[in-house]
Amino acid sequence: MAGKIFYREREKITEGKKQPRFKLVAVADVNLKVYGKHLRRSELEQIASSVGADLILLTHGDKKYKDEEIEVED
């Protein structure tokens with residue numbers, strides 16, 4: 001089974017600036033350490049292809065859940 005790399009688009013990014021646009025969120029079933037906070041799409045694709053993982057873009061959540069408390073178990 002191929003590993004998965006989850007990433008999302010950064011929220012605080014201005015149009016026209018040459019800054020990396022994506023943030024790495026999670027990695028599943030891949031032996032990988034990432035030291036950068038923000039990455040470009042091409043960098044993510046190179047990492048995924050070299051470790052044999054799939055890239056998964058996380059979408060923004062629904063606003064209807066914004067005010068609800070979510071309990072997370074450890």
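Contact map, the stretch 8-27: residues that are more than 11 Å from residue 39 (Cβ to Cβ) paired with residues that are surrounded by 12 or more Cβ atoms within 10 Å (Cβ to Cβ) and modelled with pLDDT under 85, Cβ distance under 7 Å, separation 6+ or inter-chain. Pairs shown: 9/21; 13/21. When every residue of the stretch 58-67 is checked against the conditions, at least one turns out to be modelled with pLDDT of 85 or more, outside any helix (DSSP H, G or I) and either hydrophobic (A, V, I, L, M, F, W, C) or over 14 Å from residue 6 (Cα atoms) (or both).
The values are calculated or read from the model by the stated rules, or taken from the named source; none is laboratory data. Every value quoted in this text rests on a predicted model; they were computed, and no experiment measured them. FYI the Cβ positions are ideal-geometry reconstructions off the backbone, even for glycines, and counts take in every protein chain you see.
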